[in-house]
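Single-structure report; data block below.
The values are calculated or read from the model by the stated rules, or taken from the named source; none is laboratory data. Everything numeric in this text was worked out from a predicted model, so none of it was measured. For neighbour counting, all protein chains shown are included, and Cβ atoms are generated from backbone atoms with ideal geometry for every residue, glycine included.
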């Protein structure tokens, strides 16, 4: 049976109740809603984030840089509770006018500045430390293509499939089928590419993998959007599964994925990160 038809008004108004998990914070306006400064640590990088797939990109990148010996990448990580609207404080809006996590402050040079949007953070750090982004023109182009492919596909998986399948107040056939189809197509794109090469950009691990892993791996592991792994038949994508399982064993990935994590077992959470010692006693295992 077809879903009940909605007739849009001639002029949309915010008086409409959206419903869903984030209805209490969703508004059609930008800007700060609360005057509150950001906390500050001693390290050259200040990360304000949450361990969502987008947030994990930044923390994994910083941990990978430290794992590779770039001590200049030491950072403080502060949790932004998006369910409580902390992304709308004046301090956070000052470093990301779009009020989305993650956002990063680079205070490593003479002039401090902000970087927002996860793809921009990855590219900035890769260029700054000359790491995980090849200097070869062709490989660099391939890497950036897969980074921004993910930037473009993420909203279809999260705001599209994830929202209508897991978070919307009612489940309707059309949007779920529409975004399930697109999510499966995205997996097929990645699966075909990973049948050609070990990593997305070629033979070497890069920011393309760091960008895509937090979105694709949870489906392989069955740890996102209820029973989405079964619903989408994710086991069909064996090349993606091979890639995701290999990356999940990287020490930096195992650390980075729990930074700013505030759910699950206590030993898998790390609300703030200020030094390597903060990972002591934490359960970093993620096998699937």
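So that you can scan it fast, the table gives a plain yes or no per residue for (1) in contact (Cβ under 8 Å) with a residue 40 or more places away in the chain; (2) under 22 Å from residue 167 (Cα atoms):
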| position | (1), (2) |
| --- | --- |
| 9 | no, no |
| 25 | yes, yes |
| 34 | yes, no |
| 38 | yes, no |
| 52 | yes, yes |
| 81 | yes, yes |
| 98 | yes, yes |
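Does residue 121 count as touching a helix residue (DSSP H, G or I) at 6+ places or on another chain (Cβ under 9 Å) and part of a strand (DSSP E or B)?
Criteria not met by residue 121.
Of the residues making up segment 272-288, those that are crowded, with 16+ Cβ neighbours inside 10 Å and either without any contact (Cβ under 8 Å) to a residue 60 or more places away in the chain or in contact with a strand residue (DSSP E or B) (Cβ under 9 Å, 6 or more places away or on another chain) (or both) are 273, 278, 279, 282.
The condition (being surrounded by fewer than 15 Cβ atoms within 10 Å (Cβ to Cβ) and either under 26 Å from residue 121 (Cα atoms) or within 17 Å of the chain's Cα centre (by Cα) (or both)) is satisfied by just one residue among 252, 141: 141. The condition of being at pLDDT below 95, within 19 Å of residue 272 (Cα to Cα) and crowded, with 16+ Cβ neighbours inside 10 Å holds for only one of 85, 55, 91, that being 85. Can you name every residue in segment 126-143 that is in a helix (DSSP H, G or I) and over 12 Å from residue 212 (Cα atoms)? Answer for segment 126-143, where residues must be in a helix (DSSP H, G or I) and over 12 Å from residue 212 (Cα atoms): 126, 127, 128, 129, 137, 138, 139, 140, 141, 142.
Within segment 255-278, the set of residues being outside any loop (DSSP other than H, G, I, E, B) and over 25 Å from residue 83 (Cβ atoms) comprises 276, 277. Answer with yes or no whether residue 211 is surrounded by fewer than 19 Cβ atoms within 10 Å (Cβ to Cβ), modelled with pLDDT of 95 or more and closer than 26 Å to residue 264 by Cα. So residue 211 fails the test. The criterion of at least 3 residues that are free of Cβ contacts under 8 Å to residues at least 24 places away in the same chain is met by the following helices (runs of 4 or more DSSP H) wholly inside segment 162-232: 173-194.
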